[in-house]
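So the structure is just underneath, and the comments pick up after that.
The values are calculated or read from the model by the stated rules, or taken from the named source; none is laboratory data. It should be emphasised that the depicted structure is a prediction, and the values quoted were computed from it without experimental measurement. With ideal geometry, Cβ positions are generated from the backbone for all residues, glycine too; neighbour counts draw on all protein chains shown.
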Amino acid sequence: MKNVIKNHYNKILVLPLVSLIFLFVVFSFGVKSNNTIVQKNEALISANTDVFTVINVITPKAGQQEKVVQLLQKGMTETMRYQTGFISANIHKSLDSEHIIVYAQWKNAASLQQAVQLIESGKAPNMLEVFSNATPDYHPYQVISVNLPSKRQ
């Protein structure tokens with residue numbers, strides 16, 4: 001009799017615990033749809049998705065790297081991240097040259113084009129100033145593979 005009560009009690013405790021774990025996973029990682037996983041507060045790079053990836057190599061005017069990095073960060077936090085279709089943008093500062101790389105992901109090419117029009121219209125002043133202090137060279141890419149560390153078996 002004790003085992004029956006114990007098993008019943010364990011089932012009552014396990015079901016809510018499993019439900020809580022499921023909710024944690026869903027709310028931590030988002031919902032998967034159209035081969036795209038939306039993850040909160042982290043950039044996620046995945047192969048075989050419909051995400052539009054752009055890599056922009058920015059060459060600041062001499063001695064302007066830090067200024068351009070600050071303008072990019074401000075432009076991303078104040079304007080770009082609020083644009084429809086924006087997924088993420090990662091700013092990389094070269095340690096051996098003046099270059100800056102922005103690895104950005106958008107829902108599609110049209111959403112990036114809308115952001116470019118916003119900048120050109122002057123409604124994203126920090127981003128407009130970036131491109132008056134630096135020369136961009138950006139190209140669209142498709143993520144082919146993501147390679148993570150692993151231990152040999």
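Structure notes:
- Subset of region 75-97 [under 15 Å from Leu128 (Cβ atoms), surrounded by 16 or more Cβ atoms within 10 Å (Cβ to Cβ) and of a type outside the set (S, T, N, Q)]: Gly75, Met76, Met80
- From Leu128, Leu148, residue being at pLDDT below 95 and part of a helix (DSSP H, G or I): Leu128
- Hits in region 109-149 (condition: under 15 Å from Ser46 (Cα atoms), touching a residue at least 24 places away in the same chain (Cβ under 8 Å) and not β-branched (Val, Ile, Thr)): Tyr141, Gln142, Ser145
- Residue count, region 47-69 (criterion: in contact (Cβ under 8 Å) with a residue 60 or more places away in the chain and either outside any loop (DSSP other than H, G, I, E, B) or surrounded by 15 or more Cβ atoms within 10 Å (Cβ to Cβ) (or both)): 14
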